[in-house]
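Accompanying notes for the structure given below.
Since every read-out is calculated from the coordinates, none of them should be taken as a lab result. This one's a predicted model, so the numbers in the text were calculated from it and none came from an experiment. In this analysis, Cβ positions are derived from the backbone assuming ideal geometry, glycine residues included, and neighbour counts consider all displayed protein chains.
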Amino acid sequence: MSRVTRSTKTEILERCFRPEAAKFPLGTHLKVRIKDVDVKAYGNTAVALYKREGHLVFNEEPVVKTFNCTEVLVKHGGRWQSVMHTETVIPGQIVGTKIDPKVYDDYVGKYRLTPSRVYTATRAGNKLLWGSDHTELVPESENTFFRTGHFPDVLYRLIFVRNDEGHVTHIRLREFPGVEYSAIKIQ
């Protein structure tokens, strides 16, 4: 059952954009920052776009959760009512790690995604490179890498998969959470 908000536009904006701390369970405090606010009115409809940062501390470690937010308001009976609100998480900063570059030799080769789409992994010194543009792959773990310089807001991972004998057989390409596919090692 849907619920109609009986708030005014001012009340909604105050609720969405208030920066004061809110109390969370386990004594954790949330501080909210709103950034990049853009509100456009289209007759009796208004769309608000903004970023919401939630600053928390867990076990003395600062954590920042950032969301792209969209709020749609409709003027009905002289009052602005929220009819839709969405939040999409913005991935946090990806941190690379150091691994022994000798493992890159196992990853070098050609990987077939489709009969007409083949990716190439090459090694240049202590770097593992990907594709025809030779994008550097940065290790997140010994078998999981992310690409530098391309789509920084996309959760894109290349996961090298080994068989029981320890040979690399394919790559799992993780484009977004829940979207994965394999490219088979062909040489």
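Treat every Asp and Glu Cβ in region 101-185 as -1 and every Lys and Arg Cβ as +1, leave all other atoms uncharged, and give the resulting dipole magnitude about the Cα centre to the nearest 20 debye. Here region 101-185 has a charge dipole of around 240 debye. Net charge in the neighbourhood of GLU140 (other residues with Cβ under 14 Å of its Cβ; Lys, Arg +1, Asp, Glu -1) is +3.
Between THR114 and GLU61, the FRET efficiency estimated from the beta carbon spacing at R0 = 45 angstrom works out to 0.60. Of interest is the spacing of the C-alpha centroids, which for region 87-147 and region 40-69 amounts to 31 Å. Taking a straight line from the alpha carbon of LYS98, these lysines sit under 23 Å away, with near neighbours fewer than eight places off in the same chain left out: LYS127. A simple spin-label model places the labels of THR97 and ILE184 3.1 nm from each other, with each point 7 Å out along Cα-to-Cβ.
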